[in-house]
Amino acid sequence: TNASGETSTSLDLRANDAFEHHLARCRSVGALASEENDDVRSFDRLPGSDQFRVNFDPCDGTSVSKTNGTIGSIFGIWKITGKSGWRKLQLGRAQVCSGYVVYGPATEFVITTGNSVARFILHPATRQYVLIDPHVTMPPRGKCYSINAANEDGFPEPYRRWMKGLQARGYGLRYIGSLIGDFHRGLLE
């Protein structure tokens, strides 16, 4: 069972090991926190150098991986300030970078440093990410919305009214069941 109370799969644990291995080798990473670990892991680095904390879910959506559903990795990066800064939770808006990777028919990497959102695709022959859209924006009007409607009875009334309004305006309900898959579809469509 992971820190979120979910049952970890072997895929979750292998992805977590890979993330930890590579992040631990990066000198600018002073701490990391994973959904798969109970505690934040910190590193003794050179004093005076910029240090960052990386929070990540190494493999989001493993519950849908059994049906070949879209899965991915998601992360946020914060600058560590002060001696015990790696322990403190910080606001989302204090992130210096965040993004995700979608593993599907193509592997896509979507990232922002606060100015814009860039989208890359992994080129299978060169195994390098190629920029395909430097300024991703959501369309002014989408086609669908994503929500676990099975939980609708527990939603507050304003949420239910909002959903009914979307349906009345022609939006279709699409729910993949993995945060990254649902978010990526919503961002692009």
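Annotations for the structure displayed:
- Within the range 48-93, the set of residues being among the β-branched types (Val, Ile, Thr), at pLDDT 85 or above and open to solvent by 70 Å² or more (accessible area, probe 1.4 Å) is empty.
- Residues that are assigned to a loop (DSSP other than H, G, I, E, B), in contact (Cβ under 8 Å) with a residue 12 or more places away in the chain and open to solvent by less than 60 Å² (accessible area, probe 1.4 Å) within the range 4-32 comprise SER8, THR9, SER28, listed in sequence order.
- Verdict on ILE111 being within 16 Å of the chain's Cα centre (by Cα), open to solvent by less than 90 Å² (accessible area, probe 1.4 Å) and in contact (Cβ under 8 Å) with a residue 24 or more places away in the chain: no
- Residue match in the range 152-165 (condition: within 23 Å of VAL54 (Cα to Cα) and surrounded by fewer than 12 Cβ atoms within 10 Å (Cβ to Cβ)): no
- Residue ID - modelled with the lowest pLDDT, chosen from residues in the range 33-47 that are open to solvent by less than 90 Å² (accessible area, probe 1.4 Å) and assigned to a loop (DSSP other than H, G, I, E, B): ARG45
- Pairing each residue of the range 161-189 that is on the phi < 0 side of the Ramachandran plot and without any contact (Cβ under 8 Å) to a residue 60 or more places away in the chain with any residue that is surrounded by 15 or more Cβ atoms within 10 Å (Cβ to Cβ) and part of a loop (DSSP other than H, G, I, E, B), provided the two are 6+ apart or on different chains, yields C-beta distances under 6 Å for ARG174/SER146; TYR175/SER146; ASP182/SER146; ASP182/ILE176; GLY186/SER146; GLU189/GLY142.
The values are calculated or read from the model by the stated rules, or taken from the named source; none is laboratory data. This is a predicted model, so every value here is computed, not measured. Cβ sites come from the backbone with ideal geometry, for glycine too, and all protein chains shown count toward neighbours. Side chains are part of the model used for accessible areas, which takes the heavy atoms of the whole protein and leaves out ligands, DNA and RNA. Shrake-Rupley method; radii C 1.70, N 1.55, O 1.52, S 1.80 Å.
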